[in-house]
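Below is one structure; the comments refer to it alone.
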Amino acid sequence: MTQKATITLYEVKYCGYFDTPLGRKPRFGDLNSILSDLNKWGKGQYLEDTKTFDPEKDSDIFPIYLADIAYLKGDWLVAMWNAVPKSEGGVAAVSGRSHVGSPSVEVSPSKNGTIPGFATYFWFLPDQKILATIRLKRPFTGQQAMQQYMESFIRYFSSHVVHDESTKNSDDVSPLGYSHTTGGEPLPLHPRFRTQLCRLPSKIDQLAKQATKIYKISKKESLDLVASTNLTRWEKISSLVFSPSYSLPSTNRKKAKLEYTTDISVTEEEILKIAADWEKAGGVESDTNIGFKLRGESSFIWLSGSIARDEISVELTNTTPEFYDPAILLKSLRNHRDHMLSMVKK
């Protein structure tokens with residue numbers, strides 16, 4: 001079947017093992033070799049054993065697992081399973097004991113050994129140092145969780161990690177260091193995987209150059225009330241807006257949308273800083289958007305309009321109720337490769 005997909009491009013700024021925490025060039029490791037490593041590591045594994053990190057308490061990020069990988073002519077398609085709380089309704093569940101490459105979806109999320117959640121997909125173009133999120137039927141792409149997943153994989157599980165043999169069968173995954181070759185001397189390097197949104201060339205720069213014309217700023221935000229920190233924040237806001245005694249029906253409200261606008265006077269440098277901070281926080285993936293209104297204009301100019309994103313048609317074939325065949329999806333995506341990359345060519 002053919003379906004619309006929203007593709008958002010990210011530049012992979014850092015990927016590999018660096019001499020210093022702020023190093024710009026890795027001692028070794030690159031996007032293609034790390035993905036190849038991930039593919040080898042995942043083969044034969046139970047899906048429940050592919051979690052590379054535990055989210056912090058009250059984090060907006062939930063556990064994420066490797067479900068499937070496809071490769072075609074230098075590009076990779078990675079399918080992930082994003083866990084949600086068992087109390088979340090209307091979701092499927094994957095069997096934790098199914099293998100990477102053949103995830104088994106259960107219709108009953110409450111069944112023992114299953115992980116309620118949904119799938120997300122990521123298209124990697126290593127020769128361009130690009131990661132693309134693929135938004136299909138759900139608004140959530142999982143980019144921030146994927147970035148953390150990849151860095152944790154590089155840190156704890158890749159073939160470059162040197163572990164203490166005495167802790168091999170324990171839960172201790174702390175590495176002794178990192179080696180370029182198997183059996184090599186462990187080095188005290190710094191694993192990093194960082195991405196940033198690809199901007200449309202000069203869009204934000206053009207906005208910044210008109211800073212003297214900007215007189216209003218607006219921020220749109222969507223809060224996931226499943227996270228207790230967001231729920232507490234929303235309750236404080238509602239008490240200020242309505243009355244201190246007002247309480248929300250928390251049993252059926254899972255999202256809250258906010259929008260606030262104020263007058264502003266900004267410089268060119270401040271516009272660039274606001275845009276950079278928005279991108280660092282996740283940009284559109286953080287469920288926020290920032291807009292500026294210029295004198296003489298009737299509408300806001302939003303930062304979301306300055307990123308490399310487009311809607312395309314892709315071919316999908318279901319392998320289970322929640323998963324699509326990654327090889328077919330990747331082949332379809334490659335038909336749009338030149339078009340998507342043309343957006344970021346300077």
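Please work out whether the stretch 22-126 counts as rounded, prolate or oblate from its C-alpha gyration tensor, where a ≥ b ≥ c are the square roots of the eigenvalues and a/c under 1.5 means rounded, while otherwise a/b larger than b/c means prolate and anything else oblate? Here the stretch 22-126 falls in the prolate category.
Between the exposed loop cleavage positions of the chain, defined as chymotrypsin sites (Phe, Trp or Tyr not before Pro) in a non-H, G, I, E, B DSSP state with at most 14 neighbouring beta-carbon atoms within 10 angstrom, the longest gap is 1-241. Sorting 1-7, 158-164 by their mean Cβ neighbour count within 10 Å, with the most densely packed peptide first, gives 158-164, 1-7. Partners of Lys40 within straight-line reach, counting aspartates and glutamates whose Cα lies under 13 Å from its Cα and excluding those fewer than 8 residues away in the same chain: Asp68.
Stretching the chain fully between Met1 and Leu22 yields a gain of 3.0 nm (0.36 nm per residue, less the alpha carbon separation).
Neighbours of Asp325, meaning other residues whose beta-carbon lies under 10 angstrom from its beta-carbon, give a summed charge of -1 when Lys and Arg score +1 and Asp and Glu score -1. A simple count of charges around Thr20, restricted to other residues whose Cβ falls under 11 Å of its Cβ and scoring Lys, Arg +1 and Asp, Glu -1, yields +3. A full extension of the chain between Ala281 and His180 corresponds to an added length of 33.2 nm, given 0.36 nm per residue minus the alpha carbon distance. Each helix, a run of at least 4 DSSP H residues, gives -39500 (n - 2.57); summed and divided by the residues of the chain, these come to -6500 deg cm²/dmol at 222 nm. Only Cα pairs under 8 Å and 6+ residues apart enter the sum, and on that basis the relative contact order of the chain stands at 22 percent. Between Phe62 and Asp263, the C-beta separation translates, for a Förster distance of 45 Å, into a calculated FRET efficiency of about 0.75.
Computed from the coordinates by the stated procedures, all read-outs in this text should not be read as laboratory data. All values reported here derive from a predicted model rather than from experimental measurement. So basically every Cβ, Gly included, is an ideal-geometry build from the backbone, and we count neighbours across all protein chains shown.
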